[in-house]
Amino acid sequence: MSELDVQIPTTFDPFAEANAEDSGVGTKEYVHIRIQQRNGRKILTTVQGLKKEFSCYKILKDLKKEFCCNGTVVQDPEQGQVIQLQGDQRKNTSAFLVQAGIVKKDNIKIHGF
């Protein structure tokens, strides 16, 4: 048998570049603002996905003072710290986070109704 110059292709991962690019700077870290219906007309607004460098307690303090509502920070095993506010504060919260420079408007997702 004669030797042929045949190169056997090695495993090629077409998504390796995309995954490497996503792991760096510029990744889309979304902040999710949701509402939950409690009972009757009662509504709960939740904010999750804030970066660890921001203190959820200080943000909550300013949100409560700005919107005249009550709220708390809940520790979730999957989502981390989640801010809960009374009432439908979706638009107010998103405007506050953008104005304070905490999150860009493109990185906010508002869910519900």
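The values are calculated or read from the model by the stated rules, or taken from the named source; none is laboratory data. Computed from a predicted model, the values in this text were never measured in an experiment. These accessible areas exclude ligands, DNA and RNA; they are computed on the full protein's heavy atoms, side chains included. Shrake-Rupley method; radii C 1.70, N 1.55, O 1.52, S 1.80 Å.
General observations
- Heavy atoms of Arg90: accessible area, 1.4 Å probe, square angstrom to 10: 40 Å²
- Straight-distance crosslink candidates among lysines, where the alpha carbon sits under 26 Å from Lys64 and sequence neighbours closer than 8 are dropped: Lys42, Lys51, Lys52, Lys91, Lys104, Lys105, Lys109
- Computed over the range 41-113, the range of Cα coordinates on each principal axis works out to 33, 27, 25 Å, biggest value leading.
- Phi-derived couplings, Karplus 6.51 cos²θ - 1.76 cosθ + 1.60 at θ = phi - 60°, listed residue by residue for the range 64-80: 4, 5, 6, 9, 6, 9, 9, x, 8, 10, 10, 8, 9, x, 8, 9, x Hz, with x used for Gly and Pro.
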